[in-house]
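The structure appears below as structure tokens.
The values are calculated or read from the model by the stated rules, or taken from the named source; none is laboratory data. Quantities reported herein were computed from a predicted structural model and do not represent experimental measurements. When we count neighbours, we look across all protein chains shown, and the Cβ atoms used for this are built from the backbone with ideal geometry, even at glycine.
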Amino acid sequence: MYWIIGGDAFLDELSKLTHNDAIRGVCMQFIDHMPWAGFRYYDMIFPLFLFIIGTTLPFSVGRRLEEGESRKSLVRKILIRAAILWAFGMIYNGALTAPSWDHVRIVGVLQRQGFGYACAGLIYLYCKPKAQIWIGIGILLGYWALMAFGPVPGVPHGTYTEWGNFANYIDRQIFAPHQMYEKYGDPEGPVSMIPAIATALIGLLAGQWLRSSRPEEKKSLGLLVAGLACLALGLAWSPLFPIIKKIWTSSYVLFAGGMSLLLLAGFHWIIDVKGWWKWSFPFIVIGMNPITIYMLTAVVDFTSIATHFVGGVANRLPDEKQAILAGSTLLVEWLLLYFLYKRKIFLKI
């Protein structure tokens with residue numbers, strides 16, 4: 001969430017100040033998506049959210065099961081939360097302000113998170129871990145088959161270009177032009193929703209591993225091994241089914257899932273095993289109210305607020321102006337979240 005609310009823009013402006021192509025090239029890994037095929041660090045932020053959603057299920061839903069709450073009650077709560085996330089996503093996409101319905105993106109980031117949460121939650125309630133693994137494998141293989149053999153008029157089977165792949169073809173059939181993020185289709189379209197379930201399932205399996213009674217060091221090691229295995233599988237599959245975030249290919253699921261597992265392994269070892277957590281406080285403040293700040297950035301002009309306070313200084317430093325404004329915008333957002341944190345005000349779904 002730090003990157004989404006302005007960390008990327010701040011790093012972008014700082015990298016421009018260096019006037020160094022090598023530094024700029026490294027920073028591009030953290031501030032922009034791949035145009036199409038390939039992978040940058042920035043491409044794992046979205047799947048990492050879905051991964052975390054899956055990871056938390058054994059702790060949230062699992063605890064309620066142990067306390068005696070019925071599966072029927074939990075199913076209702078899961079579906080309600082998913083619907084709220086979908087509604088928030090529609091609002092974020094301008095559903096309340098668009099001139100007409102055919103100018104509103106029906107799908108989006110929060111919609112995919114809600115869908116992934118609902119599917120992973122239901123699978124968790126009714127399937128054991130082994131079955132969860134097989135479901136995940138089935139989703140990845142089934143999506144590959146659908147994309148490899150799904151018919152697109154005038155295009156050979158197994159075409160994964162922007163205009164030639166099956167997922168974006170379906171987007172163009174069911175959405176109006178202004179309902180899609182790109183002219184050729186939508187990166188959160190309905191067909192590519194399918195493998196997003198597998199992303200949440202990788203997180204779900206990681207969460208069950210973390211909630212087990214195994215020694216903490218062994219948990220970190222297990223996550224590390226699983227992460228490396230997913231990375232290897234994703235890379236091995238990529239020549240046949242390329243790593244493409246915008247259609248959420250199966251190889252992308254595995255590669256991004258592997259990166260997510262490695263991050264979880266590292267932070268679990270640093271924070272839970274070694275107890276080094278104080279450095280993470282600024283990020284805890286952001287992480288306690290992610291939906292709040294995500295929605296607020298859609299309706300509040302934080303840059304104007306920051307400019308009100310630092311605009312004079314920024315104008316006197318023309319070369320550094322944009323970096324000052326980007327950093328100040330991020331600081332204003334963080335201070336608001338800190339205010340909410342101190343008063344224990346958290347928006348939860």
Inset, instruction - Being of a type in the set (Val, Ile, Thr) and either at pLDDT below 95 or part of a strand (DSSP E or B) (or both) is the filter here, so list the residues in the stretch 146-162 that pass it. - result: Val152, Val155
Inset, instruction - Would you point out which residue out of Ala196, Ala298, Ala232 is at pLDDT 95 or above, surrounded by fewer than 18 Cβ atoms within 10 Å (Cβ to Cβ) and part of a helix (DSSP H, G or I)? - result: Ala232
Legend entry - Filter result for Trp248 (in contact (Cβ under 8 Å) with a residue 40 or more places away in the chain and farther than 21 Å from Phe59 by Cα): yes
Inset, instruction - Considering each residue of the stretch 50-80, count those that are assigned to a helix (DSSP H, G or I) and over 17 Å from the mean Cα position of the chain (by Cα), and give that number. - result: 19
Legend entry - So His157, is it farther than 25 Å from Met259 by Cα, touching a His at 6+ places or on another chain (Cβ under 7 Å) and in the same structural domain as Val107 (by TED's automatic domain parsing): no
Inset, instruction - Examine the stretch 199-218 for a residue that is assigned by TED's automatic domain parsing to the domain that holds Leu48, farther than 30 Å from Phe166 by Cα and among the β-branched types (Val, Ile, Thr), and state whether such a residue exists. - result: no
Inset, instruction - May I ask you to verify whether Leu325 is touching a residue at least 12 places away in the same chain (Cβ under 8 Å), of a type outside the set (Lys, Arg) and under 30 Å from Thr18 (Cα atoms)? - result: yes
Inset, instruction - With the condition kept exactly as written, say whether any residue in the stretch 141-151 is touching a residue at least 24 places away in the same chain (Cβ under 8 Å), within 13 Å of Val61 (Cβ to Cβ) and surrounded by 14 or more Cβ atoms within 10 Å (Cβ to Cβ). - result: no
Legend entry - Answer from Pro290, Pro282, Pro318 - the residue that is under 23 Å from the mean Cα position of the chain (by Cα), loosely packed, with under 13 Cβ neighbours inside 10 Å and not aliphatic (A, V, I, L, M): Pro282
Legend entry - Leu11 outside the structural domain of Ala198 (by TED's automatic domain parsing), assigned to a helix (DSSP H, G or I), out of contact with any Pro (no Cβ under 7 Å at 6 or more places or on another chain) and free of Cβ contacts under 8 Å to residues at least 60 places away in the same chain: yes
